[in-house]
Amino acid sequence: MNVKIADLMVKNVTTVGPHDALSTARDKMHKKRIGALPVVGPDGEALGIVTATDLVEETQAERVEDVMTVGVRQVPAYNEVSVAARVMRKHKIHHVVVTHEKKVVGILSSFDLLKLVEDKRFAMKNPPTPRAR
């Protein structure tokens, strides 16, 4: 499979800043019908991610920085999608931020990876050959 992350990712990614109000993040997610927003700094670098789950929990927080996940998992756009799938499975997450030269250029979700199955762009591996005893 030679599908690159850049081929599957959402390119026109909607983002928020760490000082944005939670209501801004909530409105953007609702309007765009998405479940996660990368949190970016002034130079477009990934600072974290805020998900719909972060917004439904009861909190007194008012700003994105109060609920975002820091240490967000990032993958370079030029890698194969198997790299993103491995990161998502290993860390039990549904979104990874896609970067190019440290700047956010997209986002990839587990639903985006399902497009490979839906479009039949994956190759089944042959099962291992049983060993003779």
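Where the second residue is assigned to a loop (DSSP other than H, G, I, E, B) and the first is among the small types (Gly, Ala, Ser) and lies in the stretch 4-29, which pairs have Cβ atoms under 7 Å and are six or more apart or on separate chains?
Ala6/Ala77; Ala6/Tyr78; Ala21/Glu62
On the basis of being in a helix (DSSP H, G or I) and of a type in the set (Gly, Ala, Ser), does Ala61 make the cut? Spell out how you get there, then give the answer.
Details: in a helix (DSSP H, G or I): no; of a type in the set (Gly, Ala, Ser): yes.
Against the criterion (in a helix (DSSP H, G or I) and of a type in the set (Gly, Ala, Ser)), Ala61 does not qualify.
Hey, among the residues in the stretch 12-25 that are in contact with an Asp or Glu (Cβ under 7 Å, 6 or more places away or on another chain) and outside any loop (DSSP other than H, G, I, E, B), which one's surrounded by the fewest Cβ atoms within 10 Å (Cβ to Cβ)?
It comes out as Ala21.
Given (1) surrounded by fewer than 19 Cβ atoms within 10 Å (Cβ to Cβ); (2) touching a Ser or Thr at 6+ places or on another chain (Cβ under 9 Å); (3) under 14 Å from Met68 (Cβ atoms); (4) modelled with pLDDT under 90, identify the lone condition not met by Lys28.
Unmet condition: (4).
Can you pull out the residues in the stretch 76-101 that are part of a helix (DSSP H, G or I) and surrounded by fewer than 17 Cβ atoms within 10 Å (Cβ to Cβ)?
Ser82, Val83, Arg86, Val87, Arg89, Lys90, His91 - these are the residues of the stretch 76-101 that are part of a helix (DSSP H, G or I) and surrounded by fewer than 17 Cβ atoms within 10 Å (Cβ to Cβ).
Is one or more of the residues making up the stretch 103-116 modelled with pLDDT under 90 and assigned to a loop (DSSP other than H, G, I, E, B)?
no
Regarding the stretch 42-59, can at least one residue be identified that is of a type in the set (Gly, Ala, Ser), in contact with a strand residue (DSSP E or B) (Cβ under 6 Å, 6 or more places away or on another chain) and surrounded by fewer than 16 Cβ atoms within 10 Å (Cβ to Cβ)? Give the derivation first.
Let us first name the residues in the stretch 42-59 that are of a type in the set (Gly, Ala, Ser), namely 44, 46, 48, 52.
Applying the additional criterion that residues be in contact with a strand residue (DSSP E or B) (Cβ under 6 Å, 6 or more places away or on another chain) yields 44, 46, 48.
Within this subset, residues satisfying the condition of being surrounded by fewer than 16 Cβ atoms within 10 Å (Cβ to Cβ) are 44.
Yes: one or more hits.
The values are calculated or read from the model by the stated rules, or taken from the named source; none is laboratory data. Every value quoted in this text rests on a predicted model; they were computed, and no experiment measured them. Every residue, glycine among them, receives a Cβ derived from its backbone with ideal geometry; neighbour counts consider all protein chains shown.
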